[in-house]
Amino acid sequence: MKTVYHKADSRGHADHGWLNSYHTFSFANYQNPERTHFGVLRVLNDDTVSQGMGFGTHPHKDMEIISIPLEGDLEHKDSMGTTAVIKKGEIQVMSAGTGIMHSEYNKNKDEAVKFLQIWVFPREVGVEPRYDQKSIVEGEKINGFQQILSPNKNDDGVWIHQDAWFNLANFTKGNGKNYMLNKKGNGVYVFVLKGSAKVGDRILNERDGLGIWDTQSFNIEAVEDAEILLMEVPMELPSYLK
């Protein structure tokens, strides 16, 4: 089993006043040649957007973009005619494909919104743009893995154009479980949202990340009550990026 450890305070940081963002991987003005991606996981941004503020209309192309609100409400508008609000307990996916314009704003005037912005390279370029969002509260599991994203349209959660599986794990102190990878050649990026957990022989605290690959499984155990996001992705980049 191979691993790469990213401590929370080692992430890139940008404070724009209206936006406070932490970058696990190179993004915008934060460029670290040793942290450009984890397999096809290209972006993991931990964003806080001030009251009534947001990202103006901007383009995307050939990327799977996932948003997971942690606090507050985020309003989305795009060139496909979609207007939607996502909040904690939901997940949003947008396949940019051949090209799309969108904006994201903090819906509320009295509280900040916190969300994860995640980009994944698709297995192929030029797909038809699409948007989807789903509630993930109903399937919430304690001391187990809750699948919130997969490559399959009929599975739990949303789907993307990539052989990736995302799971949320909510473990109470002292509890844990073995994670079995879904596909050979994949790796898992473990990101602790709250609390702390032991992953393999490494203790991870809030907002720490650990990439794991060249293994079929690994164990997670909560050191204290913990909320964890597991992002399983192919480690080999698609041919169009080579």
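The values are calculated or read from the model by the stated rules, or taken from the named source; none is laboratory data. This one's a predicted model, so the numbers in the text were calculated from it and none came from an experiment. Methodologically, a virtual Cβ is constructed for each residue, glycine included, from the backbone with ideal geometry; neighbour enumeration extends over all protein chains shown. When the accessible area is computed, the model is the full protein with side chains, heavy atoms only, and any ligands, DNA or RNA have been set aside. Shrake-Rupley method; radii C 1.70, N 1.55, O 1.52, S 1.80 Å.
Of the strands (runs of 3 or more DSSP E) lying entirely inside the range 110-186, those containing at least 2 residues that are surrounded by fewer than 16 Cβ atoms within 10 Å (Cβ to Cβ) are 176-180. Inside the range 108-147, can you point out the residues that are within 22 Å of residue 63 (Cα to Cα), free of Cβ contacts under 8 Å to residues at least 60 places away in the same chain and among the acidic types (Asp, Glu)? Once the filter is applied, which keeps residues that are within 22 Å of residue 63 (Cα to Cα), free of Cβ contacts under 8 Å to residues at least 60 places away in the same chain and among the acidic types (Asp, Glu), the range 108-147 yields 128, 132. Taken over the range 204-220, residues that are open to solvent by 80 Å² or more (accessible area, probe 1.4 Å) and either among the β-branched types (Val, Ile, Thr) or touching a Ser or Thr at 6+ places or on another chain (Cβ under 8 Å) (or both) amount to 1.
Of all the listed residues (223, 199), the sole one being open to solvent by 40 Å² or more (accessible area, probe 1.4 Å) and either at negative phi or touching a residue at least 40 places away in the same chain (Cβ under 8 Å) (or both) is 223. Among the criteria (1) over 30 Å from residue 5 (Cα atoms); (2) among the β-branched types (Val, Ile, Thr); (3) surrounded by fewer than 18 Cβ atoms within 10 Å (Cβ to Cβ), the one residue 86 does not fulfil is (3).
Sub-9 Å Cβ pairs linking a first residue in the range 171-194 that is farther than 25 Å from residue 70 by Cα and modelled with pLDDT of 95 or more to a second residue that is open to solvent by 10 Å² or more (accessible area, probe 1.4 Å) and among the acidic types (Asp, Glu), at least 6 apart or interchain, are 182/163; 183/163; 185/163; 185/236; 186/163, ordered by first then second residue.
Here residue 232 fulfils each of the conditions (1) at pLDDT 95 or above; (2) under 17 Å from residue 6 (Cα atoms); (3) surrounded by fewer than 17 Cβ atoms within 10 Å (Cβ to Cβ) apart from (3).
One line per residue, one yes/no per condition, for (1) within 30 Å of residue 211 (Cβ to Cβ); (2) crowded, with 18+ Cβ neighbours inside 10 Å; (3) β-branched (Val, Ile, Thr); (4) over 17 Å from the mean Cα position of the chain (by Cα):
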{"residue": "26", "(1), (2), (3), (4)": "yes, no, no, no"}
{"residue": "31", "(1), (2), (3), (4)": "yes, no, no, yes"}
{"residue": "37", "(1), (2), (3), (4)": "yes, yes, no, no"}
{"residue": "68", "(1), (2), (3), (4)": "yes, yes, yes, no"}
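Taking the range 1-24 as the range and being surrounded by 15 or more Cβ atoms within 10 Å (Cβ to Cβ), of a type outside the set (Lys, Arg) and in contact (Cβ under 8 Å) with a residue 40 or more places away in the chain as the test, the residues that pass are 3, 6, 8, 22, 24.
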